[in-house]
Amino acid sequence: MELMKSAGVGGFEIQPTYPLSLNDPEKGMSTSVISPVNSERRKFAVNKSQELGLTVDVTGGSGWPYGGPHIPIQLSAAQIKYATNQVKVQDGFCNPPKLEIPVMRVDEKLIQILAVRKVKGELAETGAVDLTNKVSRDGTIELNLAKGDWKYFSSLKAAPARSEASGFRR
């Protein structure tokens, strides 16, 4: 959450979903949305988000975005694509000197590109650099980062993998 805050992200969503594994109380895993473990986790996330000034939305499920013919494509669920890469800055030179953003289809939109410094092999919790507005027409970014090892993250919003339907035929 601190990394999101330093990168200018305004908030996040907590969405309970189906379990990927069975209950295992010894490992703190519970499939019950209202279990004490999951309630404490949500409470921590909400309290920390308030402390950081982030908004948090706890949704009741994931059925709406897929909703059927009454939900237009632009309001339906979308896929977020992520890509990462490493950058090394030494003696004022970046390796690689330019970053290439992932190739986007016509129905995709760039959301954000962030560079995060690595400190002792771990990502720093503060000081992320937003590179989103530095993308040139050829889809590259001229890098101007401080000395050190960096990891960059790019995200794209892609159209959902469904077609608009007008109803069932008999």
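Let's see how each residue does on (1) under 15 Å from L131 (Cα atoms); (2) surrounded by fewer than 16 Cβ atoms within 10 Å (Cβ to Cβ):
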{"site": "I80", "(1), (2)": "no, yes"}
{"site": "A83", "(1), (2)": "yes, yes"}
{"site": "V87", "(1), (2)": "yes, no"}
{"site": "D91", "(1), (2)": "no, yes"}
{"site": "C94", "(1), (2)": "yes, no"}
{"site": "L99", "(1), (2)": "yes, no"}
{"site": "M104", "(1), (2)": "no, yes"}
{"site": "I113", "(1), (2)": "yes, no"}
{"site": "V116", "(1), (2)": "yes, no"}
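Look at segment 123-143: where a residue is without any contact (Cβ under 8 Å) to a residue 40 or more places away in the chain and at positive phi, no partner that is among the polar types (S, T, N, Q) and surrounded by 14 or more Cβ atoms within 10 Å (Cβ to Cβ) sits 6+ places away or on another chain with Cβ atoms under 7 Å. With respect to (1) of a type in the set (G, A, S); (2) outside the structural domain of E142 (by TED's automatic domain parsing); (3) at pLDDT 70 or above, the lone exception for G68 is condition (3). If you filter segment 139-150 down to residues that are within 24 Å of I80 (Cβ to Cβ) and surrounded by fewer than 16 Cβ atoms within 10 Å (Cβ to Cβ), you find that the one that is modelled with the lowest pLDDT is G139.
The values are calculated or read from the model by the stated rules, or taken from the named source; none is laboratory data. Values in this document were obtained by computation on a predicted structure and should not be read as measured data. Neighbour counts are summed over all protein chains in view; Cβ atoms, including those assigned to glycine, are modelled from backbone coordinates with ideal geometry.
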